[in-house]
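Trainee: Take a look at the following structure, please.
The values are calculated or read from the model by the stated rules, or taken from the named source; none is laboratory data. Keep in mind it's a predicted model, so treat the numbers as computed, not measured. So basically every Cβ, Gly included, is an ideal-geometry build from the backbone, and we count neighbours across all protein chains shown. The accessibility values were calculated without ligands, DNA or RNA, using every heavy atom of the protein model including side chains. Shrake-Rupley method; radii C 1.70, N 1.55, O 1.52, S 1.80 Å.
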Amino acid sequence: MSETVVTDLRPLAAVLVSAIAVVFIVASYRYPNVREGWSVLAALAKFAIVASMLPGVMNGTVYKWSFAEATGLDFVAGVDFALRADPLGMLFALLASFLWIFTSFYAAGYMRGLDEHAQTRFFAAFAASLSTAVGIAFASNLVTIFIFYELLSLVTYPLVAHNEDSEARIAGRKYLTYTFFGGGVFLLAGTVLVYWLTSSASGTDTATLEFQAGGIELLTEAAAADPAIAQAAFYLLIAGFGVKAAVMPLHSWLADAMVAPTPVSGLLHAVAVVKSGAFGVARVYLDVFGLEFPTAYPLSVPVVGDVPLNIPVAILAAFTLTAASIIALRKDHLKRRLAYSTTAQLSYIVLGLSMLHPIGVLGALLHIPAHAFGKLTLFFCAGAIHVETHTDYVSEMAGIGKRMPLTMSAFTLGAASMAGIPLLAGFVSKFYLLIGAASGAEVAVYGLEATWLWIFAASLIVSGVLNIAYLWPVVYTAFFESEDRHDAKPVFEFPAGGERKSYGVLEGEADHDIASDGGSDDSTRKDRYAVNENPSDADVPFGPGSGAGSTAAGENPVAADHDDTDQDDHTDEHHDSEANEHHETDDEEHHDDHHHGGAPLGGWERRSPLTFAESTWLMLMPITVIVTGAVTLGIVPDYAVFLELADTIVAGVTGEGVL
């Protein structure tokens, strides 16, 4: 399909609409309804602008706005600051703008439910982060994407450090160190090398950093003359984007960022930040170097021989998706378990791209929305559980399915999608990834490459089994165990994971280990968790088990929480006294919500799913819509625009689509 470039303001408008909304959000700080209304309106406007370009993009039209054309001035050293809506950019922008609509509603319900502080700053930074994410999607060249990539790290820092306590500040600094300084340095260095290579190939001082489907032509010519520099540029760009894609060993910032409020976790893990890294890797493979470059200019390794450039990247991705899944098995804290799940799932995308086979690339591109719908569902459910019951640990969730039936049902579907169960989005993308690995092995140029591709296919299968192993215990604990007798998780801990006996109580009778607030007594909990003998959550930087949140033996944990609150008005979300005070105003409806995690005395109250009484509509509506998207993408993928978009991208790069 031939490409027609049309000058249009809509790519710029899609970026600016939420940036302009930041001003109105800040100006409306005294009126919460108005403030959050601006956030929702900006989300709707952004999605409408992006969606309006979809028909044209599907028909081969590329909409472009150029700073040089608009002003007659060069942006920097002959490189233009330009935005263009092409199929790959549309995939990311459409996904981010659509999910932001429902994340805006969810964030309002979450922040109000916990009566969080600094809500105006939160919503302003939230809007700014989506503006930069769409900027990354529509960036026309390496310089433009670098600018938005770095801005995304800056504007999301206030979200990561939102709690303003020591854990949040440490997590925020680590986040900036990895994503802004680390990732930015790699990305800038790779961009400079590409600039130098293309200017040398052109024979003039004019260089090109403009994305081209199938790879930059001048860069391909330059690689023939200086392959070592081209190889270095390839790996630097992959490393720069790989930081935000959380490829090991550049992943540890992601789990620590879980100190942020849950809507931020959803933003980080499903919509903007990590997807920008995966998207950037796709740009490098598809629009900077092309799929033929890694095999055309292999590394010469002593003893081993020629190794295609994609193989080391794929090995790291395969190791990451396996290792992160194993680590997730050992995490009792739900958000940290989901964080390592995200680390694993992102490497599915990197691995699929690194296979270089059209079917594998299609699976990788489709996994971007498939993972987004599934993982955002899981984080939304985790946040709703926290707001309504202040429960964050899997070992405290026995029987919670009867208290939150709709939420846990949605969690079950989201978990099944992540595990690749048929009729859900994750199955479709992983199916293409597996077929791509097998097909790539049959046509591999190098024998070593074929062997590794079969190993990658095996790692996908193993990781799928591990997905079930670390997500099923959450579902089983919620629906099939009772408060008074259960085998707490995580599983595969030695000695067997979780508590030695139930922290819960028999009907009408308090156990001697139960604190008066309905949660487990921290002084006894220390000895009752097998994870303390073989720690899996010893490195949790926040909440119960952290240095700041733990209490000495014999000390009243409730009193300790109040002491911490007196010292710092903005405590961690696990001990949020303001949230407790908020729920006490509606004690009749949420009588079990102001304890500190786990079932209250007497067990969970049974709530009917037909009454929608388990949470507010601001939280239940987004959960329902997002999980419906995961089901839709799995049942009717042929009618889902993301599959067609992914095939259009593959066709633009290889000359022929898969479908």
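Trainee: Over region 127-258, what percent of the accessible surface lies on carbon and sulfur atoms, probe 1.4 Å?
Mentor: Its accessible area is 69 percent carbon and sulfur atoms.
Trainee: Right, here's the next one. Where Rh is the Kirkwood radius over the Cα pairs of region 28-122, the temperature 25 °C and the viscosity 0.890 mPa s, what D in µm²/s does Stokes-Einstein return?
Mentor: My calculation gives 155 µm²/s for D.
Trainee: Determine the per residue accessible area of region 203-337 with all protein chains present and a 1.4 angstrom probe, expressed in square angstrom.
Mentor: Normalised by residue count, the accessible surface of region 203-337 is 27 Å².
Trainee: Report the percentage of all Cα-Cα pairs in region 88-177 whose separation exceeds 17 Å, rounded to a whole percent.
Mentor: Tail of P(r) above 17 Å: 56 percent of Cα pairs.
Trainee: Taking the Cα atoms of region 368-411, what is the range of coordinates along each of the three principal axes, in descending order and whole Å?
Mentor: Here the Cα extents, ordered largest to smallest, are 32, 17, 16 Å.
Trainee: Counting only heavy atoms of the protein chains, get the accessible area per residue of region 616-659 (1.4 Å probe) and round it to a whole Å² value.
Mentor: 45 Å²
Trainee: For region 178-247 and region 82-153, write down the distance between their C-alpha centroids in whole Å.
Mentor: 25 Å
Trainee: Count charges around Phe24 for me, please; just the other residues with Cβ under 12 Å from its Cβ, Lys/Arg as +1, Asp/Glu as -1.
Mentor: 0
Trainee: Within a Cβ distance under 11 Å of Gly109, other residues only, what is the Lys/Arg minus Asp/Glu net charge?
Mentor: Net of charged neighbours comes to -1.
Trainee: To continue, here is another question. Once phi is turned into ³J(HN,Hα) by the Karplus curve 6.51 cos²θ - 1.76 cosθ + 1.60 with θ = phi - 60°, what whole-Hz value does each residue of region 36-43 show in order, with x for glycine and proline?
Mentor: Computed from phi, the couplings for region 36-43 are 6, x, 4, 4, 5, 4, 5, 5 Hz.
Trainee: In addition: Need one number for region 350-447: average projected area of the convex hull over its C-alpha atoms, nm².
Mentor: 7.6 nm²
Trainee: Hey, another quick one. Based only on Cα atoms, what Rg/Rh ratio does region 292-435 have, Rh being taken as Kirkwood's radius?
Mentor: Radius of gyration relative to Kirkwood radius: 1.10.
Trainee: Given region 205-344, report the % of alpha carbon pairs whose separation exceeds 22 Å.
Mentor: So the portion of pairs separated by more than 22 Å is 46 percent.
Trainee: A further question follows. Cα convex hull of region 245-322: how many Å³ per residue?
Mentor: Taking only Cα atoms, region 245-322 has a hull volume of 96 Å³ per residue.
Trainee: If I stretch the segment between Phe480 and Val636 completely, what's the gain in nm (0.36 nm per residue apart, minus their alpha carbon distance), one decimal?
Mentor: Contour length minus Cα-Cα distance gives 53.1 nm.
Trainee: Using C-alpha positions alone, give me the convex hull volume of region 178-266 per residue in cubic angstrom.
Mentor: Convex hull volume per residue, Cα atoms: 114 Å³.
Trainee: List, in order, the whole-Hz ³J(HN,Hα) value for each residue of region 383-393 obtained from phi through the Karplus relation with A = 6.51, B = -1.76, C = 1.60 and θ = phi - 60°; use x for Gly and Pro.
Mentor: Calculated HN-Hα couplings, in order: x, 5, 4, 5, 5, 7, 10, 6, 10, 10, 10 Hz.
Trainee: Run the Debye formula on the Cα coordinates of region 1-42, all scatterers equal and no solvent, and tell me log10 I(q)/I(0) at q = 0.31, 0.34 1/Å.
Mentor: Summing over Cα pairs of region 1-42 leads to -0.99, -1.08.
Trainee: Local charge sum around Leu142 (other residues, Cβ-Cβ under 12 Å, Lys/Arg +1, Asp/Glu -1)?
Mentor: -2
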